[in-house]
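Written below as structure tokens is the structure these notes are about.
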């Protein structure tokens, strides 16, 4: 009987690992629901489409240059 | 770019008022100011997402005086510690992506705002700000100035924090986790059971599957056990009983099977069943978070009013702190919060929402005023007679009708079926057991449990949730918002319809004005119009809008005697406009509202204001008359009887001068006669009737604004579709009945397998998802088909 085992005993390990991975994802799901992520499922879809403005740049470069960058970005998008 | 419409708010531009700024056209200075604010702060992206997303800002400066009061502010905040305060404000104007963009970029308009986040469905924005640098009042004023005025009422002031209940989401997550993994692990055993390696690892797989089923069985399915237990105790036969029974039997049988090695058990079907049932539950819950069906008078009242102290100073005081004997200052369009006596010489109170009278009531000094009315006109002073909780309005709300939680007025169709289903099921199970016990004990137990497993009414129980959930969504898209799925079942059973008049079948937006008297020429009409321009009276406003003519002429002399009339001189001519008592030469009939005109001391004629009835009213009523009994109740006087009799089908009962309590009683009498009543109303004066009726529908011109407690909210623009909505509810019930038939068919097929002792886990695992998916697709397709056939989407011609 032993000879016919063919090393399939690794399946114990594989299945156990996959269960552990599944549980990790499940825990992440629970955490996400708890933090209220799914209470509003519509607004994030709209928010995603807004352009990010360069707020940081204005601090480093000063007003005029930021203005130039902003116009450049706007023209690129259009 | 359409130059006839305002760039900011999209409304039509009156050529004389047009303002051109930055090469764009605006309808008024307010819109142009908001545009300026955005342009200076480099926030022009606001206009990129949607066309004309803005609203004209209101300019009521004194409205937020109560926000100076620290105690009030404290109650309105979500969070207040150290330098940070967080507030959640409801903003009815939120309606598009531009709104989301501008409200989440508030920190660019006001640097003391740290952050803001919008919840679009609830139309709320949560603003976090530096409390040492800026106050709530300034933030509210900022929002007001850009056209996003918040809606703050007594309800927000008193609201306790509701903890969101997420347990269904958790249970669904657990159920899916277990189901998915068990399905994967079950595959090996479905197919060839004779492979050697499988034999070797069989136990590992089986016990792993067993372990995975535990969370689903002990956690996700608990609702069903609880409801089944309760319904057994109260001796009703809910559908949850056979479901819970099926689940428990499945679990026990499967455990026995793997312990004794009889087979792989039915864990896959078990967890699949639990998952689909929870999915159905979730699908049935469609909440409209920006609406509230539970509103009581608190959401109609303001948070605070202005009180005049004994030394003459004014202070803002919360509505509950008003005492008997206090003097209050009520401005134009402000609500009277308590019963009281008018001190000022004159007042013009609009009670339409409370009692249903369509036009403002004139009151003189010493007259009694009731809470809930709105002052329309100049500022008035009043003395308080009762505190808020003792006023007439609140007494109305305390009526027992509102207190009773009417949950099970009505047995759902699913529970009606289960009354027959459960006994039949048990009968078959025991019959099968009784038959096989003489042949083989193991088969007998097999058959008994198999019957209970395969007949588990998964598809049956899912029919109603999926059909009703889908119909809820369909109707919601047509602006007919129902409170829950039960409302649809109730709608289908209605046989009598009761309509309120003012605000429900009439629209407050317009009035039909008819002129009686000597015809006037254009010049005279122009004089009248220019005289009316300076008047604040609501009737003057309406008349002004109706008259033609664009030329501006200045009046030489203008005097308005509140609630009596106007006396003016224009281009040398003496004009008098007003009520019949003001113009002695007029003959007054008190039932009709009329405005009389006198030019140069000669009586010319009068304008009669008629209620404007909603478009399509006649067709709607004649359509409804075929299947339902119709009645119209009104808080107004008999003046409209003839008009209504002409508009409505013969035999429609019309009753006038109904006080709120009388409306409620009328409905109760109908119900005692065995009728199933649907009430359609709009104001606080209908609130009692709405609660008492089997289905209460609240018609609303603006769904963002208060409507009393009801089962459904209907947008006024879709009013003419009521007959189609009622037909839709009946079709929904028809779909459910057909689909019950289908699911019973599956049960019969499954039972054939079970009773002959042939129910393999594989067979069960196929039948269950197959039946579920067929039923779900069937009901979804059918309900959409019916919606299309009924032409719910048709726009008015």
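Annotations
- With 0.36 nm allotted per residue and the present C-alpha distance subtracted, the residue B:581-residue B:225 stretch has 120.9 nm of extension available.
- FRET efficiency estimate (nearest 0.05) - Cβ-Cβ, residue B:285 to residue A:11, R0 45 angstrom: 0.60
- Counting Cβ atoms of other protein chains within 10 Å of each residue's Cβ and taking the mean over peptide B:86-98 gives 1.
- Förster-model FRET efficiency, 45 Å R0, residue B:441 and residue B:211, C-beta, rounded to 0.05: 0.90
- Shape class for chain B, computed from the alpha carbon gyration tensor (a ≥ b ≥ c): prolate, with a/c not under 1.5 and a/b above b/c.
- The simple spin-label model puts a point 7 Å past each Cα toward its Cβ; for residue B:11 and residue B:665 those points are separated by 4.3 nm.
- Chain B: angle of helix B:167-190 to the longest principal axis, Cα-based, in degrees nearest 10: 30
- Alpha-carbon centroids, segment B:736-797 and segment B:183-262: separation in whole Å: 23
- For chain B: relative contact order, % (alpha-carbon pairs under 8 angstrom, 6 or more apart): 11
- You can think of it this way: the chain between residue B:556 and residue B:383 has 58.5 nm of extra reach, that is 0.36 nm per residue less the Cα-Cα gap.
- Once both labels are positioned 7 Å from their Cα atoms along Cα-to-Cβ, the gap between residue B:255 and residue B:164 label points is 3.6 nm.
- Between the Cα long axis of helix B:196-215 and the first principal axis of chain B there is an angle of about 40°, rounded to the nearest 10.
- Multiplying the residue separation of residue B:564 and residue B:20 by 0.36 nm and subtracting their alpha-carbon distance yields 191.9 nm.
- Restricted to Cα atoms, segment B:488-528 shows a radius of gyration and a Dmax of 20.9, 60 angstrom.
- Helix-only CD estimate at 222 nm, as mean residue ellipticity for chain B, using -39500 (n - 2.57) per DSSP H run (n ≥ 4): -13500 deg cm²/dmol
- For segment B:78-108 versus segment A:30-45, the gap between their alpha-carbon centres in whole angstrom: 18
The numbers here are math on the coordinates, done by the rules we state, and not lab data. All figures in this text were calculated on a predicted structure; none of them were measured in a lab. FYI the Cβ positions are ideal-geometry reconstructions off the backbone, even for glycines, and counts take in every protein chain you see.
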